[in-house]
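The values are calculated or read from the model by the stated rules, or taken from the named source; none is laboratory data. None of these values were measured; they are calculated from a predicted model. Heads up, the Cβs are rebuilt from the backbone with ideal geometry, glycines too, and the neighbour counts pull from every protein chain shown.
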Amino acid sequence: MDAIWSRLDELGKRQGLAVNMRNIQWPNVRCDRAQGLSHRALRAFVLVVAAVIPAQITWATTFGDVHYDPNTDQLVVTMIYRGTNPNHVFSLKWGHCKTGPDGSPQIFANVIDSQWDDAAQNDYQTTTRFNLGKLKCRPVNVTLRSAPRFNYQLQIPAPPASVQQ
């Protein structure tokens, strides 16, 4: 049974739930098998519900193919998302260029969905091209972020010679 609790705790952490069900002080309520669920089964049920509900509510944009196009100096990103229509427009909110732990430059970019509150009814995907002409710190390690906790990392090289002038 401890293996099950460990697995459920791990799943809960992936969903952003920092709850250790084994350490919760449960009320001293009589719960016989004949009258209902055992305490362990009840705890497991609560954890599963807590882990599954946020996953259904917080569907977010994920990334399909992501690559740098040196011919156009653009970041090409395939967005996979759910909504009521295919007309979502995506943009990037760039952070500040910083030095990473290994000494190389790094930058974060949050992916912004123009219809972030659209009801998640159908699956869609679209490919968006982001111009990198104004990105000053290059070469750079870029981390794209999409809520909640979807990240994609890639290396953007120095601008092509035709763009540097």
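So here's what we get for this one:
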{"read-out": "Selected residue (only one of Phe63, Phe130 is modelled with pLDDT of 95 or more and surrounded by 14 or more Cβ atoms within 10 Å (Cβ to Cβ))", "value": "Phe130"}
{"read-out": "Close pairs (7 angstrom Cβ cut-off, 6 or more residues apart or separate chains): in contact (Cβ under 8 Å) with a residue 40 or more places away in the chain in region 98-111, surrounded by 11 or more Cβ atoms within 10 Å (Cβ to Cβ) anywhere", "value": "Gly100/Gln106; Gly100/Asn141; Val111/Thr61; Val111/Phe90; Val111/Leu92; Val111/Leu144; Val111/Arg145; Val111/Ser146"}
{"read-out": "Among the residues listed as Ser6, Ser91, the single one being in a strand (DSSP E or B), hydroxyl-bearing (Ser, Thr, Tyr) and either out of contact with any helix residue (DSSP H, G or I) (no Cβ under 6 Å at 6 or more places or on another chain) or modelled with pLDDT of 65 or more (or both)", "value": "Ser91"}
{"read-out": "Residue count for region 111-131, restricted to those that are closer than 22 Å to Tyr68 by Cβ and out of contact with any Phe, Trp or Tyr (no Cβ under 8 Å at 6 or more places or on another chain)", "value": "4"}
{"read-out": "Positions within region 105-138 being more than 15 Å from Val77 (Cβ to Cβ), among the charged types (D, E, K, R) and either assigned to a strand (DSSP E or B) or not assigned by TED's automatic domain parsing to the domain that holds Trp94 (or both), in sequence order", "value": "Asp123"}
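For (1) closer than 20 Å to Thr62 by Cα; (2) touching a strand residue (DSSP E or B) at 6+ places or on another chain (Cβ under 7 Å), each residue gets a yes or a no:
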site: Leu92; (1), (2): yes, yes
site: Asp118; (1), (2): yes, yes
site: Lys136; (1), (2): no, no
site: Pro139; (1), (2): no, yes
site: Leu144; (1), (2): yes, yes
site: Phe150; (1), (2): yes, yes
